[in-house]
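The values are calculated or read from the model by the stated rules, or taken from the named source; none is laboratory data. Note that the coordinates shown come from a computational prediction; the quantities given were computed from them, not determined experimentally. Glycine also receives a Cβ, built like all others from the backbone with ideal geometry; neighbour counts cover every protein chain displayed.
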Amino acid sequence: MPFQRAYPVVQLARITSSTAITGENYRWTYTLQPLRFASGADIAGEDLENAGGTLTGVNLREFENTATSVQGQNPSNLPSGFDFSACSGIVHVQTGAAFPLTSSGTTVPVLFFSLDNPVTGTCS
């Protein structure tokens, strides 16, 4: 059987919320709102509108996060008052590549994105 390549559809999505994964270090599940450009949108990108219901997302960059390494950085080396946090903003997801994963006993389709976790905090 010849190799068949599937071309997933890439779509923009806004991260609307995040929930820490119990028992994991620096990992979250995300609620994603799919977006599309409104009719007549311009390059400024201000004409994004919702494109359907929310979906569950997982950040691939977080798969290897541990208590002592977040994307290759040791959290204990951050200044006091700072820590790695969940991602926010607009990401691109491959909607044709949703995987059924179980969360809290329920299986849901999960979309993946890849984004470094930000460092947040305030100086004391």
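Brief remarks on what is shown
- Some residue of the stretch 37-50 being closer than 27 Å to THR102 by Cα and either without any contact (Cβ under 8 Å) to a residue 12 or more places away in the chain or touching a Pro at 6+ places or on another chain (Cβ under 8 Å) (or both): yes
- Screening the stretch 26-49 for residues that are surrounded by 11 or more Cβ atoms within 10 Å (Cβ to Cβ), part of a loop (DSSP other than H, G, I, E, B) and hydrophobic (A, V, I, L, M, F, W, C) and picking the one that is modelled with the highest pLDDT gives ALA38.
- Subset tally (residues that are modelled with pLDDT of 90 or more and of a type in the set (Phe, Trp, Tyr)) for the stretch 1-20: 0
- Within the stretch 74-120, tally of residues that are on the phi > 0 side of the Ramachandran plot, at pLDDT 90 or above and more than 15 Å from the chain's Cα centre (by Cα): 1
- Options GLY52, GLY23: the member that is at pLDDT below 90, over 16 Å from the mean Cα position of the chain (by Cα) and assigned to a loop (DSSP other than H, G, I, E, B): GLY52
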